[in-house]
1. More than 12 Å from the ligand (Cβ to nearest atom) and in contact (Cβ under 8 Å) with a residue 40 or more places away in the chain: does that describe residue 130?
2. Taking the conditions exactly as written (free of Cβ contacts under 8 Å to residues at least 40 places away in the same chain and within 19 Å of the chain's Cα centre (by Cα)), does residue 51 satisfy them or not?
3. Among the residues of segment 95-117 satisfying the criterion of being in a loop (DSSP other than H, G, I, E, B) and open to solvent by less than 40 Å² (accessible area, probe 1.4 Å), which is nearest to the ligand (Cβ to nearest atom)?
4. Looking at (1) more than 9 Å from the ligand (Cβ to nearest atom); (2) open to solvent by 30 Å² or more (accessible area, probe 1.4 Å), which is the one condition that is false for residue 145?
5. Select from segment 191-209 the residues that are more than 16 Å from the chain's Cα centre (by Cα) and under 16 Å from residue 449 (Cβ atoms) and list them in ascending order.
6. In the set 113, 70, 122, which member is within 17 Å of the chain's Cα centre (by Cα) and among the basic types (Lys, Arg)?
7. Taking segment 361-406 as the region of interest, how many residues are surrounded by fewer than 22 Cβ atoms within 10 Å (Cβ to Cβ), of a type in the set (Lys, Arg) and either closer than 18 Å to residue 258 by Cα or not assigned by TED's automatic domain parsing to the domain that holds residue 348 (or both)?
8. Going residue by residue through segment 49-61, is there one that turns out to be under 25 Å from residue 323 (Cα atoms) and surrounded by fewer than 17 Cβ atoms within 10 Å (Cβ to Cβ)?
Amino acid sequence: MSFLTPATRTDLRPAGAAAVRALQDAVPGVHLPGSDAYAALTTTSNLMHPVSPLAVVAATGPADVSATVRLAAAFGVQVAVQGTGHGATEEMRDAILVHTGTLDELTVHPQERWARIGAGVRWAHVLEAAAPHGLAALCGSSPDVGAVGMLTGGGLGPVARSHGLSSDTVRAFEVVTGDGVLRRVTAVEEPDLFWGLRGGKGTLGIVTAVEVDLLDLPTVYGGSLWFAEADVAAVLRTWGQWCELLPDEGTTSVAVMRLPDMDPFPPPLRGQVTLNVRFVWTGDPAVGEEMIRAIRAVAAPVVDTVQTMPYAALGDVHADPVDPMPLHESHHLLDGFGVAGADRLLELAGPGVPSAQVMVEVRQLGGKVREGDPCAYAHRDAAYSMFVVGLMIPEVAQVVTSDAARIGEGMGPWLRDGGLPNFTDSAGRAWAERVFTPLVARRLRTLSRAYDPAGVLLAARGVRA
Ligand SMILES: Cc1cc2nc3c(=O)[nH]c(=O)nc-3n(C[C@H](O)[C@H](O)[C@H](O)COP(=O)(O)OP(=O)(O)OC[C@H]3O[C@@H](n4cnc5c(N)ncnc54)[C@H](O)[C@@H]3O)c2cc1C
């Protein structure tokens, strides 16, 4: 077979085996099923989404990524990308996986307030590097998540309403597109790719590094309030009303939690229905304290961590788990919530209602999320996001999926079409149809065909289908 002629994709397995042999000659760090390195690099945090690629390339730099993409295209094999495994949705069965974990460059430019971040860097390391300069990066709720994986999905963090989508802070991407070319992408150079990489995730390329603006935000006023079962209804109803009046300096979410009665969950929170209100205020802390008073006044929280805190500790607000677990996740966008939405949620998942979900979370959107340059993140105007998570443990696994559907459908009057790239737990066409409007999908398809003529990037199959 000519190296330049893409193979037809009728039977990928033999082509895959040949591609892997050729890869082993071309790049270092090719790991095959059965090896310890392969097992480590294919780890995913949601055990319901194992990945089993033909081989894993532990990229040491953009040249490895480029060589892998070109070679895979020549053999008619597709390429996937993973940095941490926190957002795995593809099985990758017939694909080669580029693992970016060792692309760990991280430079903070304190005077000009920006950072250059390698594709393997987690938000925790960016926060740590920026903090001594009083600077902050627009991360998500979990600092354990990869910066590039989150940014390519738009990125909706705990200060999103006051500071916008995380991808709005991107100055430049360095990316290997599906034609194997390493490109520098900014609003001026390659503006089409700049549009598509902010929200399109891996559809248009494998990002090797990103440059982002940093914020002058050493501290915020924020934290987490937990309320006992008896107070869940009153607090949730107040939260629904309170959100409608909350200025954009405040970002908030609420979660009806059913933490299992077991370690490591602390006794006041486990084995009962609780309500977790998260709040981060980036304006004057005294005003933030006034704002949260309305929630504190409803009932005495069993845990209250809301105070002035270092921005670098932002991960404490949601305190997301980091250990791998078998999860069922479903996500919806809402046009509103309010007291009526809270009442409906209480009927669906409140105290006294049998529900198999560990968490039903509602995040308020709006504010600066609605602003920002146009990009492939298609649903800036959604008012709320709902995320439903169930543990697929033997006792409840059978009912978790149907129970999640019951809750989603039950919110019918508030639901709107669409989903967010980072929260929609599906792959391929199902993912693309949820996440993009037809217009955005069409533009991504055109770009994908231009920059990835052989269709080598697995993440593009949804828009190309
Ligand atoms: C505990 C937890 C909390 C979260 N909280 C938030 C949140 O607050 N806000 C939010 O927006 N999201 C949140 N997410 C979702 C998260 O942002 C996405 O799952 C994100 O894709 C994870 O990126 P990763 O690199 O860590 O994961 P990976 O599994 O390594 O990658 C997931 C996907 O990201 C894309 N990607 C990764 N690396 C690259 C690359 N180098 N080039 C191109 N594409 C790439 C690919 O599509 C890949 O399939 C959360 C996830 C978890 C597990």
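The values are calculated or read from the model by the stated rules, or taken from the named source; none is laboratory data. Small disclaimer: the values here were computed from a predicted structure and weren't measured. Glycine also receives a Cβ, built like all others from the backbone with ideal geometry; neighbour counts cover every protein chain displayed. Note: areas computed on protein heavy atoms with side chains; ligands, DNA, RNA excluded. Shrake-Rupley method; radii C 1.70, N 1.55, O 1.52, S 1.80 Å.
1. yes
2. It is false that residue 51 is free of Cβ contacts under 8 Å to residues at least 40 places away in the same chain and within 19 Å of the chain's Cα centre (by Cα).
3. Among residues in segment 95-117 that are in a loop (DSSP other than H, G, I, E, B) and open to solvent by less than 40 Å² (accessible area, probe 1.4 Å), the one nearest to the ligand (Cβ to nearest atom) is 100.
4. Residue 145 satisfies all of (1) more than 9 Å from the ligand (Cβ to nearest atom); (2) open to solvent by 30 Å² or more (accessible area, probe 1.4 Å) except (1).
5. Answer for segment 191-209, where residues must be more than 16 Å from the chain's Cα centre (by Cα) and under 16 Å from residue 449 (Cβ atoms): 192, 193, 195, 196, 204, 205.
6. Matching residue, one of 113, 70, 122: 122.
7. 1
8. yes
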